[in-house]
1. Is it possible to state the helix-based mean residue ellipticity at 222 nm for the chain, with each DSSP H run of 4+ residues giving -39500 (n - 2.57), the sum divided by total residues, to the nearest 500 deg cm²/dmol? What is it?
2. At a 10 angstrom cut-off on C-beta neighbours, averaged per residue, how do the peptides 534-547, 484-497 rank from highest to lowest?
3. Nearest 10 degrees, 0 to 90: what angle lies between the long axis of helix 271-312 and the longest principal axis of the chain (Cα atoms)?
4. What does the charge count around ALA438 come to, taking other residues whose C-beta lies under 13 Å from its C-beta (Lys +1, Arg +1, Asp -1, Glu -1)?
5. Compare the peptides 339-346, 458-465 by average per-residue count of other Cβ atoms within 10 angstrom and give them in order, highest first.
6. What is the magnitude of the charge dipole of the chain about its Cα centre, with +1 placed on the Cβ of each Lys and Arg, -1 on the Cβ of each Asp and Glu, and no other charges, expressed in debye to the nearest 20?
7. Highest first, please rank the peptides 52-63, 205-216 by the mean number of other Cβ atoms sitting within 10 Å of their residues.
8. For ASP419, project a label point 7 Å along Cα to C-beta. Then give me every residue of the range 178-217 with its amide nitrogen under 20 Å of that point.
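None of the figures in this text is laboratory data; all of them are computed from the coordinates on show. Please read these numbers as outputs of a predicted model, since none were measured by experiment. When we count neighbours, we look across all protein chains shown, and the Cβ atoms used for this are built from the backbone with ideal geometry, even at glycine.
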Amino acid sequence: MAIFIRLLGFLRGYKSGVWWSGILAALAMVATVAIPGLTGAAIGAVQSGDRDRLRLMVILIAVAGVVRLGLTVARRLIAGRVSLGVELDLRNRVYEHLLALELGFFDQQQTGQLMSRATVDLQAVRFFLGYGLVLISQAALTLVFASVAVIVIDPLLALISLAPVPVVIWIAQRYGRQARPALQEVQQRIGELTADVQESVGGVRVVKAFAAEERREQRFRQSIARVFEQSMISTRLRAFYNPFIAFLPQLGLAALLLIGGRMVIDDRLTLAEFTAFYGYLLVLLGPMRTLGWTLGLTQRATASGARLFELLDREPRITATPGAKPLPAGSGRVELRDVTFAYGDDPGHEPSLRDVSLDVAAGTTIALVGATGSGKTTLVQLIPRLYDPTSGTVLVDGADVRDVDPHALRAQIAVVNDDPFLFSATVAENIAYARPEASREAVVEAARRAQAHDFIAELPDGYDTRVGERGLTVSGGQRQRIAIARALLADPRVLILDDATSSIDASTERQIKQGLEAAMAGRTTFVIAHRLSTIALADEIAVLDDGRLIDRGTHEELVKRSPFYQEIVQKGLPDQVFMTRKPLEPEVAGL
Ligand SMILES: Nc1ncnc2c1ncn2[C@@H]1O[C@H](COP(=O)(O)OP(=O)(O)OP(=O)(O)O)[C@@H](O)[C@H]1O
Ligand SMILES: [Mg+2]
């Protein structure tokens, strides 16, 4: 019920539309209810042989029909507008809310589930608010009007023929109680199905490469079967209840024929009255029949509404605190104080960072090294506040990142990771993502520094070449270079290169190096790399092991004193010129 009332809240912006649909529906109802009365009068005219009156009544019936037609068309147009408007608002709200949520939320969600909420559930809600609501009020109005009309004609007869109504309402309620959880489960399973499709399509390369189509298909078939089974449950409920709800009023009709017919024979009721009465009961039959259907619509909307509200009620956890300041002036000093961080909410979760304290002076370049899973990515993600630390503080230029407006903070921090995302837009647009107003010269300059200019110039349309959804038309290394250009163009105080050159071969990297060195000048840079050549770009090196910062110093210092670092240096030299087997690394690294 609470959900129902909250759903109605979405209509707030459409009050006049809702009122007009209601008024038009009520007027159409008057016409509908008038028709049986007029029919009765026409029969009366037939009995008394009054030709003029008969003609008049027939004309009136036709007029009532035309009026109803016009009113219904107008109502549908208005209701359609309301319905689509509600959909538009809801879509905007859901989308806006999704973007406001912090990264941690998406770690725990299946994309497909979210997509299903943003599409299937949204449809159900808007259909109900736009059409269902009016249909239900219309049905209710018809019930009231027609009941009043039959009571006026003959109270006793009305009582008998309306006897099934309370039973119908009771059954309809029972139906609703059973149908809603069933439908909610259907929506949930449709969400799972969408998630499945999304994974198969998103991961199509892996699926194909491992010839796993059959397995995916099997999984998919299971998901479909699950939707089918659950839909069958709610279909079965509907199959039983709907006709049953439609059947009961027939009993009333039969009772009317028997008792009313006798009354006419006994001259206690005129044939005209009897016909009108019968007509009203027929009018009543309509809403009773649609009652089950509209109730289904309501149940579906409430079930979907519950899923939508679940999403909308999830407050974003990383937001600007009231009175958030802009980032103070500075050149990018980054400080971590006793930072402990665990992914996920549950307290038992193993922390990925433990008591890390790290002070990086403005303008220096620091390399983070450590085994895979040691927490390097986690550490740098705390700087632009993609996550908040579980305890401890992260400061940029002396300000706690939690006190700074996240937009202002992130505008000064650029991140390039190992699998950069390119939007389906031109190369130039992708490079200018942080600064859409940047001139073409600035874009080209950034691309040159990232060693991307040459290959971009060879693309069919140069900088105006559209790259595919995930940059499928360019190679991994090219994608990384575009992403580096994007970061350089953003001109941030803090630059984070998380394995950003992992797909770039050593000789290209050597070329990028100069560009990077120029780019790193005057800003604080975090470099995460497994390669010595990249590590050599750094002034200092911090060594992470299982979430702890275990050492920090220059290359020379660490080679001498850190066995852990020595191991990385010795084993982490995979770059060799393949044919000559001559190690290129020390040369690239300038060692
Ligand atoms: N989104 C996430 N949700 C939960 N746990 C995560 C998440 N991302 C990373 N982890 C865990 O946190 C730990 C540190 O991961 P992190 O990605 O920081 O490692 P890394 O040092 O960057 O490794 P790599 O060199 O492989 O990139 C790992 O144990 C990992 O399983
Ligand atoms: Mg990583």
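1. After summing the helix terms and dividing by residue count, I get -20500 deg cm²/dmol.
2. Top of the packing list down: 484-497, 534-547.
3. The two axes meet at around 10 degrees.
4. Neighbour charge sum, excluding ALA438 itself: -2.
5. 339-346, 458-465
6. 2560 debye
7. My ranking of the peptides, most packed first, is 52-63, 205-216.
8. It comes to 195-213, 216, nothing else.
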